[in-house]
Every structure is written in structure tokens, then in C-alpha cells.
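Colleague: Take a look at the following structure, please.
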Amino acid sequence: MAVVDPSRAPAAPSGARPAPPLLRVQEVAKSFGATRALRSCSLEVAAGEVHAIVGENGSGKSTLVKLLAGVHLPDAGTIELTATPSPGRRSPRSVQAAGIFTVFQEVLVVGGQSVLQNVWLGSDGLFRRSVSESAQRARASEVLGELLSAPPPLDAPVASLSLSERQACCIARALVRSPRVLILDESTSALDVATRDRLFTVVRRLCASGGAVIFISHRMGEIDELADRITVLRSGESVASFARGEATADELVRQMTGSDHLTAGTERAPAGRGGATSGRILLRTRALRLRPGGRPIDFQLAAGELVGLAGLEGHGQHALLDALRGAGAVAGDVSTGDERLLRSPQDAFAAGIAYVPRDRRDESLFPSLAISENFGVATMGADRRAGLFSRRRSAARLANYVSELAIRLGSPRQPITALSGGNQQKVVVARWLAAHPAVLLLNDPTRGVDLGAKRDLYRLLERLSSEGVGVVMLSTELDELVELMDRVLVFREGSVEAEVPRSELSADGLVRRFFGGGGAQSDAN
Amino acid sequence: MRTDLRARLLGSLQTRPWALALVIAVILFVANQLARSSFATWSSWPSLLADFAPFALAAIATTPQMLSGAGGIDISIGPLLNLVSVVVVGELIARGTTSPWIDVPAALAVGAAVGCVNGILVGVLRYQAVLATLCGLFVLSGLGQALLATPAASSQSWLTHLGAQVGPVPGGLILIASPFLVWLVLARTAYLDQLYAVGGDEVAAYSAGVDVARVRITAYTLGGLFAGVGGLALAAATQTGDPTEATQYTLPAIAAVAIGGTSLVGGRGSLLGSLIGAAIIFLIQTLIDSLNVNSNVPQLIYGAILIVAIVLSATLSRTASRAAEGETVAA
């Protein structure tokens, strides 16, 4: 492979004639187990264009990128690069050979190796180098010099670099190989501003020479600045595609959330629980920082309050939940209403703070144990009789919650895996309710849960709140945030972007804030 | 000031994790010399190296698989050494194929082929390495004993030379040096970078386009090839084909690799470290022999050294990952 590609003719001035599509994606679909991450996505990327893909959480952006990059194989549909024959079996390697290079959201460097090794990682044959070492050095310095004002020495271990520099190495890894199609998946979030601007210059030049860039970002400003075309993904489907200037930010948000949310926003019932909050503080944070350089968060949770946490994936909402359950933050502290500091998850549990994790399979279920055992693990002390564990007592305690949460099960002795996802989640919630918590922290509890089970959970949360339990719930479902919460904290880049009171909650308003827009023009129609 | 010194010490141990092992090896060598002044004299070097070579090569042959990550390990190396010695002495030489130009390549081919099969089991079929090579351990032991029930002696001259001196050079030295020559050649190709990348971060390597399966298969094949050299060393040192002798090397060889600073999770370590680790275990054994103490003591000692080495390498990688984490949190 040539280091620079002189055969690539400069493209015609943009707008002179419609450029031919370079990459064509037709109705690709991908499921992971029961989750349909991508239902049907189609898009065409023309040579010379920056094609942005936007969508809220779970819309399938990352899955699409992994399919394009060859990391996953599509269940259905086709991906073709029109200029070259399609690779046989798709893998990152064969896709790269066809000229598609991807920079992932995660910073994928091999910590123990040098900058040079990381920049050229994956380019060589098993033994043969694609490019001589001296040519590698020259090309790597050239590309890094374009991206960074002070490029690190090529032989420095990558572990000694800042995060921004490491991400620059990942971007350089794609650029040194003269990509035809460059995919940038949230790659700008780890970059500092100067590097980002330099990257944009490189991107524009790549497009001017006949390449194309697929660009995913949570920053509307960047999309405005760079994108020639914007495709909107919603629930795993490509729902709309706009040329530059065709759609306003409001229109994009409407496409991302779907029009059904618009009515849900206006017809929402008024605050249902009639001010059950007693004002007693259960949990507070002081000058809490979720990442270095983040704005400090002073948060208070009152008895009976339902507080929602929202934002695009990975913007700090998980970190706040972790901090509240005593699992640590970068700076600041978390304490209970009576000023007990929470330094560990054990402290938090002792202070009556229960946490329902997000990932049932990895973080909360014991798949090899029975339902009653999964229920009883956190509160086994209550099942003691004469110092020994009593299975019958455990089953009797579970029976209370079975009726209260409407858990549908045959026998409590069945394995937990015999239950549906919704009922498994109810068992996990019952586990923590049995500890009679003062505060319940929930991490996206309705993910992968059927509608009936969701309703049961909502009813439970309202009842807990009326009994004075404080609830903090991270959710990726806009509807439940809008309908259930007393207030919602919207996270962006590690800080609280906005705190939206119940009276102002709407799905559109939340999504606009995810992308850094204000909430004022939320009633655009 | 003191913390600065500590940081520098940790830093240099990080880049040369075998440095500590080298210090221990030198001390043990001196101790051996003091215990028995005839231990290493000008004339005893060839036989000393010939004695050391089979075990040193067993340790070297265990290293590439561990570097390849994902729990990479090969516990069939000991029986593979046996099998190679049986094939050379019990089959080839015993049946009259006495030319080293046939026997040596055959030994290497047997080793590499077995390693390649292990590599396919682990790299393509995704068996857990411990299980795949445990099966290999049983199959190879059985095969060796089926071919040759009891040790068979040989007085083939090239084998005798290899066990003593080839011209002025100790045969053991040639045997031990040959994997390093292969390694040096590989260092000039693209392979070693990819091996360390796959072992260091499989996800990053795969998504960057590295053919992870082929890199792993090659690592196991190299291990097998080095075991082929080890089998020759075994035959040269004992002048026999022995279906059981090297079986006892399996676990100490893994210990030697760990003592030499190779990370059991992959991506960090070196052949040189494994050689030094093997020297430590060998020197403990010889020291105990010259001091005429209870023969159960050596295992106790290298067990203790292993504990220290593992704690040390865990501490080192933790300090390194903590330094890296401080940055990653900012993601």
C-alpha cells in the first residue's frame, strides 16, 4: 500500500455535479440475543461528503459503526463500497483493505507499545511490513504533526501520553493508511479543542480529495460546522436524511425522538403524587466532580422525591449514580442527610441506600441460583432460625413481594433464568426492597423489560415515593423520565447540563439538552 | 527524594522486569561456586550447559504462548520434549537414519507441528489454553511411551558432540542460542510487534486490523519449534531417547517464565527473562545437590521465589495501570 496516493485525482468543485455514492448501506439489521440493536438502516455516502449520523441512546449508532468497521457481521442487509469489490468475509482487516478505517469512541491503544507501533498497528502482514520502517516513521510524524501542535516522540510509550494524544494516535492510525472512507465515532470527545480543529482541517482535505467521512458526535455545533448530510437513526432505523441546511436543530430533535413523543409531552398528567416530598434530606453531594475539570455538583435528594438522570451514554450520569452508592468520584463527597460520609458501597448499604445495577446478567443476577436465593442474598440475616439459614422463611418473605410486584413465577425454587427479563428485574428490585432502603438508586431498570412489567415498576416507584423513600433513577427511556420524575438532571460531558423541573419536562426538551441546546424553544410546533 | 528513587527503581523494573531475576541468578551462581569450587571451571562449562539446556529450552518454549495473551499457556511442552527425543533416538537413529541433516529438521518439524495444532485449538477454535494443552500433555505422553516403552541409548556422534562441544563451542550454548537467533530475525519482521499487541490489548489489536488468530497460531508454533530444539537438547544431554524424563519440567518451566518477568496475562516479557528464570531454578537445584541437603527443599525455595516474583509483578502492573487510569477517567 502506498504511503501517499498520488493517483487520487482532486475532486470536482463541490456542488458542480452529484458525486457518485462511495459507500452504500442497504437495510442492515443486527440483533444481540433478544435485543434488536439495528432494525433496518440504509444510507448512501457520496464521495467528498461528511456524512453525520445522529440519534439518541439506543438508536443503533454504535452498532452501525461496528458493522461498517467489520467488528460485527450484519444479520441482514448489505454494505458495499462501490469502488472496490466487497471483501469476502468481513473482518476489521478485510474492511480496512477495502479502504474503510474507523476511529472508535473507546481509545483503543496498546498501552505497553510505542507511539509508532500504535500508529501502524494492524497494517502489516504476519511477518512482512507493509511499509519500511523509515517510511513508517516519516509518515507517522507527518500525520501526527498535522493533528498535534506538539507531537510526542515516536518512540515514547503510549501509556505516558495524555488521553487526547492517545486518541490522536488512534486517528493517526486511520489517517496514515490514506482512507477512502473514514469513520469517526464520537472520536472528538476525547480530544482537546486545538486538536479537534486540526482534525477538522484534515477531514475537509480528505473530502476534497475524493474521500468521505462518516461523523458521529454528540455536539450539534460540530455537526453544523462539518456535516454535508445528516442521517437520523431512531430505534435502530434510519428515519430521515437531510442535506446541509435542510433541517433545523428542532427538526432533527423531532426526528430523533419521533413525533409520538410530542403529544406525550403536552398531554402529560400534572404532578401525580401531590407533593409527597417532606423536605427531609436523605442524600447530598458537596462539590462532587465526576471527572477532572468537570463542574462541581451539589445535589440533594429529599424524602419522597423521584429524580431522573438522563443524557447520552457516557456523559456522567453513571458516574453520579456510582458516587451516590459510595463507589467513588474524582473529588468531593457524598453524605447522608445526617452527615454520615459515604466512602464505600458498604457504607452506603449500611446507611440504607440500595442500588439496582444496570446489567442484570453481569452485575445483579446469580444465574445458577434459584429465584428465592437470588431474592435473599442481600438480606440473608433475616432468614435465620436458631442461627441457621431457613429456606422456608426466605420463601415466605419472597411471597410478600411476589404479590406486591406482581412477579409471575411458578415456584421460588425454579432457577432465576426460567423467568422473563421483566420478572428477573422485579426479583432484583425485591431483593433490595427487602432491605427496607431509605434511598433506592436504579440504573436503567426498565431496559429490556416488557411493557406490563414496566407499568408494575412505575406503580411501585410512585408508592415508594409516597412512603417517603427517595428514588434516583438513571433512564434511557425518555417517556418514563417525562411521566414519572419530579425533576431530571441532564448530563453532558461529565457535568450537569441542566436541571429540568417536572413542569418543564418534555422528550424534545431533554434530547435538545443532550446535544447542548437550550430548552426554551421546546414548543416549536 | 526517596519516593523519587522508588519511582525510578519501579520504572526501570517496568522496562526490564528480568533485572531483579538477573541479580538473584548471579547471587546463586556465586553461591554455587562457593559451595563447590569445581562447579564452573573452564573445562566444566560444556557439560554444565548441556545439563542446563533442556530445561532452559523448556522455559523458552513456554514463553511465546504466554506473551500472546488471553490466558495463553502451553503445559504440553515437557512431554513434547520427550516425544522429540524419542522420535530422534528411538525412531530415526534406531532405524538407521543417522544423518543430522535429516534428524534435526525432523525434530524441529515435530515440535512445530504439535505447537501449530495447539495454536489452532486455542486461536481458532477458542479452547481455553490450559485445557487444550492439558489434553496435549496426555496425548503426547501416551504417544511417547507407545513409541518407546523404556529409554533407549544412542552413541551417534553428532548427538554426542551436541552434548559436549561442536568444535570449540559448547553444544548446549548452540542449542540455547538458537531460539534467540529466531527471535532476533522475528524482531526485524512485523511479527513481534503484533504478538505483543495481541497479548497487551486484544480488542485494540483486532479492531486495528491485526489477524489475532494467525498471530496466536504462530506463537504456539514458535513455542513448539523451540520445544523441538529442547528435545534435541534432552537427547544430547542424556544420550538417550526418554519418554518420561522432561515431564517433570512442565510446572518448573512455567515458574521460570513467571520469575523471568513475563506477565501471565500476556503482552509483557521476553525470552531472555525466561532464560534467566530457568537459570535460577537450575542453580537452586545444583546448589542443593552440592550441599547434599533434603531433596524436597528446592521446590520449597523456588515456590517462595515465585511468590515474591508474582507479588512484585502484580504490584508493578498495578502502579502502571493506576498511572494510566488517572488519564482514562477523563474520558
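The values are calculated or read from the model by the stated rules, or taken from the named source; none is laboratory data. Keep in mind the model is a prediction, meaning the values are calculated, not measured. Every residue, glycine as well, gets a Cβ built from its backbone with ideal geometry; the counts of neighbours run over all protein chains shown. Accessible surface areas use protein heavy atoms only, side chains included; no ligands, DNA or RNA. Shrake-Rupley method; radii C 1.70, N 1.55, O 1.52, S 1.80 Å.
Colleague: I need the full set of residues from segment A:118-131 which are without any contact (Cβ under 8 Å) to a residue 12 or more places away in the chain and of a type outside the set (A, V, I, L, M, F, W, C), in order please.
Modeller: Answer for segment A:118-131, where residues must be without any contact (Cβ under 8 Å) to a residue 12 or more places away in the chain and of a type outside the set (A, V, I, L, M, F, W, C): A:Asp124, A:Gly125, A:Arg128, A:Arg129.
Colleague: Right, something else. In segment B:194-211, how many are surrounded by fewer than 22 Cβ atoms within 10 Å (Cβ to Cβ) and either under 17 Å from the mean Cα position of the chain (by Cα) or β-branched (Val, Ile, Thr) (or both)?
Modeller: Residues flagged as surrounded by fewer than 22 Cβ atoms within 10 Å (Cβ to Cβ) and either under 17 Å from the mean Cα position of the chain (by Cα) or β-branched (Val, Ile, Thr) (or both) within segment B:194-211 amount to 1.
Colleague: Now for a different question. In segment B:94-115, what count of residues is obtained for those that are surrounded by 15 or more Cβ atoms within 10 Å (Cβ to Cβ), within 17 Å of B:Leu81 (Cβ to Cβ) and among the hydrophobic types (A, V, I, L, M, F, W, C)?
Modeller: Here the count works out to 8.
Colleague: Please enumerate the residues belonging to segment B:251-270 that are among the β-branched types (Val, Ile, Thr), within 14 Å of chain A (Cβ to nearest Cβ) and surrounded by 24 or more Cβ atoms within 10 Å (Cβ to Cβ).
Modeller: B:Thr262 - this is the single residue of segment B:251-270 that is among the β-branched types (Val, Ile, Thr), within 14 Å of chain A (Cβ to nearest Cβ) and surrounded by 24 or more Cβ atoms within 10 Å (Cβ to Cβ).
Colleague: What pairs come out if I take residues in segment B:150-161 that are hydrophobic (A, V, I, L, M, F, W, C) and pair them with residues that are part of a loop (DSSP other than H, G, I, E, B) and open to solvent by 60 Å² or more (accessible area, probe 1.4 Å) whose C-beta lies under 7 Å away, six or more apart or interchain?
Modeller: From segment B:150-161, the pairs are B:Ala152/B:Ala94.
Colleague: Restricting to segment A:150-173, and then to whatever is more than 9 Å from chain B (Cβ to nearest Cβ) and hydrophobic (A, V, I, L, M, F, W, C), can you tell me which residue is surrounded by the most Cβ atoms within 10 Å (Cβ to Cβ)?
Modeller: A:Ala168
Colleague: A further question follows. Out of all the residues in segment A:397-412, is one or more open to solvent by 30 Å² or more (accessible area, probe 1.4 Å) and in contact with a strand residue (DSSP E or B) (Cβ under 6 Å, 6 or more places away or on another chain)?
Modeller: No: zero hits.
Colleague: From the list A:Ala395, A:Ala430, exactly one residue is closer than 17 Å to A:Leu369 by Cα, at pLDDT below 90 and among the small types (Gly, Ala, Ser). Which is it?
Modeller: Of A:Ala395, A:Ala430, the one residue that is closer than 17 Å to A:Leu369 by Cα, at pLDDT below 90 and among the small types (Gly, Ala, Ser) is A:Ala395.
Colleague: A further question follows. Would you check which residues across segment A:53-81 are in contact with a Gly (Cβ under 7 Å, 6 or more places away or on another chain) and either at pLDDT 90 or above or assigned to a helix (DSSP H, G or I) (or both) and list them?
Modeller: Once the filter is applied, which keeps residues that are in contact with a Gly (Cβ under 7 Å, 6 or more places away or on another chain) and either at pLDDT 90 or above or assigned to a helix (DSSP H, G or I) (or both), segment A:53-81 yields only A:Lys61.
Colleague: Scan B:Ala213, B:Ala197, B:Ala235 and give me the residue that is away from chain A (no Cβ under 14 Å) and in contact (Cβ under 8 Å) with a residue 12 or more places away in the chain.
Modeller: Being away from chain A (no Cβ under 14 Å) and in contact (Cβ under 8 Å) with a residue 12 or more places away in the chain holds for just one of B:Ala213, B:Ala197, B:Ala235, which is B:Ala235.
Colleague: A further question on this structure: Suppose we filter segment B:54-93 for residues that are open to solvent by 10 Å² or more (accessible area, probe 1.4 Å), out of contact with any Ser or Thr (no Cβ under 7 Å at 6 or more places or on another chain) and in a loop (DSSP other than H, G, I, E, B); how many remain?
Modeller: Residues flagged as open to solvent by 10 Å² or more (accessible area, probe 1.4 Å), out of contact with any Ser or Thr (no Cβ under 7 Å at 6 or more places or on another chain) and in a loop (DSSP other than H, G, I, E, B) within segment B:54-93 amount to 2.
Colleague: Counting just the residues of segment A:106-138 that are within 7 Å of another protein chain (Cβ to nearest Cβ) and of a type in the set (Lys, Arg), which one comes out surrounded by the fewest Cβ atoms within 10 Å (Cβ to Cβ)?
Modeller: Among them, the one singled out is A:Arg128.
Colleague: Consider segment B:162-193. How many of its residues are more than 25 Å from B:Ile276 (Cβ to Cβ) and crowded, with 16+ Cβ neighbours inside 10 Å?
Modeller: 1
Colleague: Kindly indicate the residue of segment B:279-331 that is closer than 30 Å to A:Pro292 by Cβ and more than 14 Å from every other protein chain (Cβ to nearest Cβ) and also modelled with the lowest pLDDT among those meeting that condition.
Modeller: Among them, the one singled out is B:Ala314.
Colleague: All but one of (1) within 22 Å of the chain's Cα centre (by Cα); (2) part of a helix (DSSP H, G or I); (3) closer than 21 Å to A:Glu165 by Cβ hold for A:Asp197; which doesn't?
Modeller: So the condition that A:Asp197 fails would be (1).
Colleague: May I ask you to say which residue of A:Leu433, A:Leu460, A:Leu474, A:Leu440 is open to solvent by less than 20 Å² (accessible area, probe 1.4 Å) and in contact with an Asp or Glu (Cβ under 7 Å, 6 or more places away or on another chain)?
Modeller: Of the residues listed, the single one that is open to solvent by less than 20 Å² (accessible area, probe 1.4 Å) and in contact with an Asp or Glu (Cβ under 7 Å, 6 or more places away or on another chain) is A:Leu474.
Colleague: Same structure again: Restricting attention to segment A:93-105, which residues are at the interface with chain B (Cβ under 8 Å from one of its Cβ atoms) and under 23 Å from A:Leu163 (Cβ atoms)?
Modeller: Within segment A:93-105, A:Thr102, A:Phe104 qualify.
Colleague: Here's something else I'd like to know. In segment B:207-240, which residues are closer than 17 Å to B:Ile102 by Cα and in contact with a strand residue (DSSP E or B) (Cβ under 8 Å, 6 or more places away or on another chain)?
Modeller: B:Ala235
Colleague: Determine whether A:Val449 is of a type in the set (A, V, I, L, M), assigned to a loop (DSSP other than H, G, I, E, B) and open to solvent by less than 30 Å² (accessible area, probe 1.4 Å).
Modeller: For A:Val449, the condition - of a type in the set (A, V, I, L, M), assigned to a loop (DSSP other than H, G, I, E, B) and open to solvent by less than 30 Å² (accessible area, probe 1.4 Å) - is met.
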